[in-house]
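K.L.:
Dumping the structure here so I can ask a few things about it.
The values are calculated or read from the model by the stated rules, or taken from the named source; none is laboratory data. All figures in this text were calculated on a predicted structure; none of them were measured in a lab. Cβ sites come from the backbone with ideal geometry, for glycine too, and all protein chains shown count toward neighbours.
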Amino acid sequence: MKHRILVVDDSSSLVFSLSELLKFNGFEVETALSGTEALHKIETEDYDLVICDIEMPGMNGLEFLSRVRRDYEKEIAFILMTGYVDNEYFLEAIRLGASDFIHKPIDSKQMMRSIQTILKRKKKRSDFSEFYNNLEKAEFHFELDPRNFSKFAVSEVFHNFLRQNFDLTPNVLNEILICIDEMVYNAYIHGTLGLNVQERVMEHNALQKIINERLQQPEIASKRMRLYFSLCYKTQTIKITVEDDGPGFDYETWIKRVANEPKLNLEENGRGIAMLYHLSDKLEFDREGRTVTISKKLPINNKK
């Protein structure tokens, strides 16, 4: 069955060109030229993903996203398109459940990578109804072999654990899962494989070829990624740490850059740190950047 995507923008030319791109890549596409029209379609139809402009007359993209989350119990992923977004806009959208941002003018390759990532994440998050009950404290330690790496395998586990055991709002759950995905994937791409900026944006087949070649090298295949997860029920605080065996990086410069940027960096290079910085309550690095830890207070109620 084809994935169904709804494209929402007040520009008919952009809607047409984006629809053609998505149809060419095998998706079933419907369109709307306003948030109001899109709401009518969501009321009667099911979609896997909505791609929506933020700056629309009348009901803007954030208002549209908020209405969908408030009025419809549907698990629809959202990609927001924008020419500019400040930190408050970004944080509000993430809290409402947006999965990604794409800069205008649209980079078709980045758009397709984002769509594929989001749809894979939705597919792999299954429901384990009996996953951990009656806990006072939860601690996990994962050691990951890069040769058997699956981008969303770890966040799948936490998605179901948190959803089944806590009254988490979709936006809070979304923030946590994005952080886990970013931390583990960065440890894989940067710390373990050592891919440069040019390699990371290659087409899927070319990138996979480079990854396979790197993993044939014994010094890379022997590296490990470690994830530590701690959740304290008493303080309702989550702490996540990811370590890798790479060379590290100049994290202090990146933190200063993110903290001082007048607008959010949505470029693929550096966006991971930006997301962690803005979505967590505390972001720390150690071991020359090979260890990253986030802490976050959760507005949750135990389901015990």
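K.L.:
For segment 109-136, which positions are out of contact with any Phe, Trp or Tyr (no Cβ under 6 Å at 6 or more places or on another chain) and at pLDDT below 80?
P.N.:
Once the filter is applied, which keeps residues that are out of contact with any Phe, Trp or Tyr (no Cβ under 6 Å at 6 or more places or on another chain) and at pLDDT below 80, segment 109-136 yields 122, 123, 125, 126, 127, 128, 129, 130, 133, 134, 135.
K.L.:
Can you find even one residue in segment 161-177 that is within 21 Å of the chain's Cα centre (by Cα), over 30 Å from residue 74 (Cα atoms), surrounded by 13 or more Cβ atoms within 10 Å (Cβ to Cβ) and not aromatic (Phe, Trp, Tyr)?
P.N.:
no
K.L.:
Contact list please: Cβ distance under 7 Å, first residue in segment 56-73 and at positive phi, second residue surrounded by fewer than 21 Cβ atoms within 10 Å (Cβ to Cβ), pairs at least six apart or on different chains.
P.N.:
58/34; 58/36
K.L.:
Right, here's the next one. Being at pLDDT below 90, small (Gly, Ala, Ser) and surrounded by fewer than 19 Cβ atoms within 10 Å (Cβ to Cβ) is the filter here; which residues of segment 79-108 pass it?
P.N.:
Correct list: 83 only.
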